[in-house]
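Read through the structure below, which is laid out as structure tokens, and then see the notes.
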């Protein structure tokens, strides 16, 4: 059996399992977020929201809070170094504020876009410009959506190229990817990035490949 057929067989087994493993991992993440833990995090989010500082200075502090959640859920997600499916095949929408943050951190110049949303949500034709050897070269400065979303399972099988192709073809053998999202940070993120005149686009539009 070749590697592709083996992957299809494993996908069939995963679908038959009805995401039992993924549901257990989601439950473990929820259990780790005890009421006291949630109250403490909520207080930190509220404190940052009320802080008398600029969105530019608040953004890295928001990222730091998200890293706390990321560390908590890390044992239960399939996103690891070297897994780059999301970086290669889906749009990564970022705000102009985040583009400026990345530009300052990397020394690269971001494209100035007019206000409004410019993201093309169809299939992208090239990897993220910051994907280097299947790893994120700006991991410490990666944008909100890259931090917020994560696939939940024992491995990244559901994120494989084979399953992505089945999903795009609407093949009944496709397996949905079980995801977790840091929704608690969404209101603060919107406050920091939604000022009048802000541009939104895929990271590839702000940073075209050389």
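The values are calculated or read from the model by the stated rules, or taken from the named source; none is laboratory data. Because the structure is a prediction, the values reported are computed rather than measured. Backbone-built Cβ (ideal geometry, glycine too); neighbour counts: all protein chains shown.
Screening the candidates 64, 39, 31 for the property of being closer than 24 Å to residue 94 by Cα and surrounded by fewer than 12 Cβ atoms within 10 Å (Cβ to Cβ) yields one hit, 64.
With the checklist (1) part of a helix (DSSP H, G or I); (2) without any contact (Cβ under 8 Å) to a residue 12 or more places away in the chain; (3) within 20 Å of residue 189 (Cβ to Cβ) in hand, flag the one item residue 52 doesn't pass. With respect to (1) part of a helix (DSSP H, G or I); (2) without any contact (Cβ under 8 Å) to a residue 12 or more places away in the chain; (3) within 20 Å of residue 189 (Cβ to Cβ), residue 52 is out only on (1). Entry remark, segment 168-190: residues being assigned to a helix (DSSP H, G or I) and either modelled with pLDDT of 90 or more or within 17 Å of the chain's Cα centre (by Cα) (or both) number 8 in total.
Scanning segment 11-20 for residues that are outside any loop (DSSP other than H, G, I, E, B) and either out of contact with any helix residue (DSSP H, G or I) (no Cβ under 9 Å at 6 or more places or on another chain) or surrounded by fewer than 16 Cβ atoms within 10 Å (Cβ to Cβ) (or both) gives 12, 13, 15, 16, 20.
Test residue 156 against the criterion of being buried (at least 19 other Cβ atoms within 10 Å of the Cβ), under 24 Å from residue 180 (Cβ atoms) and in contact with a helix residue (DSSP H, G or I) (Cβ under 8 Å, 6 or more places away or on another chain), and give yes or no. Here the answer is yes, as residue 156 does meet what is asked. So which of 53, 84, 49, 57 is surrounded by 15 or more Cβ atoms within 10 Å (Cβ to Cβ) and either within 18 Å of residue 193 (Cα to Cα) or within 16 Å of the chain's Cα centre (by Cα) (or both)? After ruling out the rest, the residue left standing is 84. The number of residues in segment 87-107 that are part of a helix (DSSP H, G or I), touching a residue at least 60 places away in the same chain (Cβ under 8 Å), touching a helix residue (DSSP H, G or I) at 6+ places or on another chain (Cβ under 7 Å) and closer than 27 Å to residue 48 by Cβ comes to 4. Which is in a helix (DSSP H, G or I), in contact (Cβ under 8 Å) with a residue 12 or more places away in the chain and under 16 Å from residue 159 (Cα atoms), of 26, 72, 8, 65? Of the residues listed, the single one that is in a helix (DSSP H, G or I), in contact (Cβ under 8 Å) with a residue 12 or more places away in the chain and under 16 Å from residue 159 (Cα atoms) is 8. Checked against the criterion of being in contact with a helix residue (DSSP H, G or I) (Cβ under 7 Å, 6 or more places away or on another chain), touching a residue at least 40 places away in the same chain (Cβ under 8 Å), over 23 Å from residue 193 (Cα atoms) and part of a loop (DSSP other than H, G, I, E, B), segment 108-117 contains not a single residue that satisfies it.
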